[in-house]
Amino acid sequence: MESTQQKVLALRRKDWTLPEIVKETGLAKSTVYYYIHATPLRAKKQAEISEASRRLALRVSAQRRGKSTKSFRPITKWGVDAVFLVSHLLFDGTLRRSDLSYQSRSKSLLGRVEFAMRNFYDYPPKRYHDAHTGVERISYFNVALGDHILL
């Protein structure tokens, strides 16, 4: 009669993975690991697992690209606030896919840009201050928002 350990090792020698052996035997994951930790998979099987993992990561990344958990309200009507915001970002700021930034020495203009942005985005900006030049920058990091404004 074959012992549990011998059965687990026989499956491992056939290149079964830890989750596959756990599912087949019904043993605890820690128990199966204890039996097989010194018996590595063959290089070919390791390469297959690595490639499958890489493909999965690329697929998930492609599905998430350009999506954010922080939502925004799209610009549907080009009113005064939308024109003010985009024009200031164009002339005194940066419009990139990854972020929208505005820099100025004027606290008043910074406040107005931040106020205009609140019509579209509920989250506060990241603030940066250059003590040497006196320029302050506010930045919003949201790929979906950046894509929306750039389109």
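Bear in mind that the values in this text are calculations on the coordinates, not laboratory data. Remember, predicted model here, so these are calculated numbers, not experimental data.
Here are the numbers for this structure:
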{"read-out": "Bins of 10 Å, starting at 0 and running to the largest distance - Cα pair percent for the stretch 4-64", "value": "22, 41, 25, 11, 1"}
{"read-out": "Selected from ARG137, ARG42, ARG59 as most flexible by GNM, with the chain as the system and alpha-carbon contacts under 10 Å", "value": "ARG42"}
{"read-out": "Candidates GLY134, GLY26, GLY79: whichever shows maximal mean-square fluctuation once the chain is modelled as a Gaussian network with Cα springs under 10 Å", "value": "GLY26"}
{"read-out": "For the chain, radius of gyration divided by Kirkwood radius, i.e. Rg to Rh on alpha-carbons", "value": "1.36"}
{"read-out": "Calculated diffusion of the stretch 71-151, Stokes-Einstein form, Kirkwood radius summed over Cα pairs, 20 °C and 1.002 mPa s, µm²/s", "value": "169"}
{"read-out": "GNM flexibility winner over the chain from LYS126, LYS77, LYS29 (Cα, springs under 10 Å)", "value": "LYS29"}
{"read-out": "For the chain: lysine pairs under 26 Å (alpha-carbon distance), excluding those fewer than 8 apart on one chain", "value": "16"}
